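Here's the structure we're looking at; comments come further down.
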Amino acid sequence: MKILYLESDRHTVTIHMLDGSVLETAENLEILRKKIEDTPIFLRCHQSFLVNMDHITDVEEEFLLRNGERVPIRVRGRKDVLDAYNRYFRIKSSGN
């Protein structure tokens, strides 16, 4: 998938693409999440962010993406976010 992450700010969701382009929509982030719910590569890592886990290269205080950008991880519920990412990473690494 060519989407790196989605970022919500006020009434606009910005979709950050792998090629560096951005798309904007007035659609609510939660509605977009539900539309892509059957795509398990997206993780709600923060109130304002959905990240494509296929493009995460490292985890520090934030997720580091393959293009060098950083996506925040919520403080409250951080362990749940990291657990979900680690589960996805293990499944992906095992080839299932």
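The values are calculated or read from the model by the stated rules, or taken from the named source; none is laboratory data. Only a predicted model underlies this, so the values are computations on that prediction, with no experimental measurement involved. All Cβ positions, glycine included, derive from the backbone under ideal geometry; neighbour counts span all protein chains shown. Heavy atoms of the whole protein, side chains included, go into the accessibility calculation; ligands, DNA and RNA do not. Shrake-Rupley method; radii C 1.70, N 1.55, O 1.52, S 1.80 Å.
Being in contact (Cβ under 8 Å) with a residue 12 or more places away in the chain, over 15 Å from TYR85 (Cα atoms) and either open to solvent by 80 Å² or more (accessible area, probe 1.4 Å) or assigned to a strand (DSSP E or B) (or both) is the filter here; which residues of the range 29-53 pass it?
Selection gives GLN47 alone.
If I filter the range 1-23 down to residues being among the hydroxyl-bearing types (Ser, Thr, Tyr) and not in a loop (DSSP other than H, G, I, E, B), which single residue comes out as most open to solvent (accessible area, probe 1.4 Å)?
Kept after step one, since they are among the hydroxyl-bearing types (Ser, Thr, Tyr), are these residues of the range 1-23: 5, 8, 12, 14, 21.
Checking which are not in a loop (DSSP other than H, G, I, E, B) leaves us with 5, 8, 12, 14.
Numbers: TYR5: 10, SER8: 31, THR12: 51, THR14: 25 Å².
Checking each candidate, the answer is THR12.
Please enumerate the residues belonging to the range 74-96 that are among the hydroxyl-bearing types (Ser, Thr, Tyr) and either at pLDDT 95 or above or surrounded by 10 or more Cβ atoms within 10 Å (Cβ to Cβ) (or both). Give the steps one after another, and end with the answer.
First, pick out the residues of the range 74-96 that are among the hydroxyl-bearing types (Ser, Thr, Tyr): 85, 88, 93-94.
Selection gives TYR85, TYR88.
Filter the range 63-73 down to the residues that are open to solvent by less than 60 Å² (accessible area, probe 1.4 Å), touching a strand residue (DSSP E or B) at 6+ places or on another chain (Cβ under 6 Å) and not β-branched (Val, Ile, Thr), then identify the one that is nearest to ASP9 (Cα to Cα). Lay out the reasoning, then the answer.
Looking only at the range 63-73, we keep the residues that are open to solvent by less than 60 Å² (accessible area, probe 1.4 Å), and these are 63-65, 68, 71-73.
Imposing the further condition that a residue be touching a strand residue (DSSP E or B) at 6+ places or on another chain (Cβ under 6 Å) reduces the set to 63-65, 71-73.
This time we only want the ones that are not β-branched (Val, Ile, Thr), so: 63-65, 72.
Details: PHE63: 19, LEU64: 20, LEU65: 20, PRO72: 14 Å.
Per the criteria, the residue is PRO72.
Return yes when ILE41 is in contact with a helix residue (DSSP H, G or I) (Cβ under 8 Å, 6 or more places away or on another chain) and β-branched (Val, Ile, Thr) and no when it is not.
Numbers: in contact with a helix residue (DSSP H, G or I) (Cβ under 8 Å, 6 or more places away or on another chain): yes; β-branched (Val, Ile, Thr): yes.
Taking the combined requirement at face value, the residue satisfies it.
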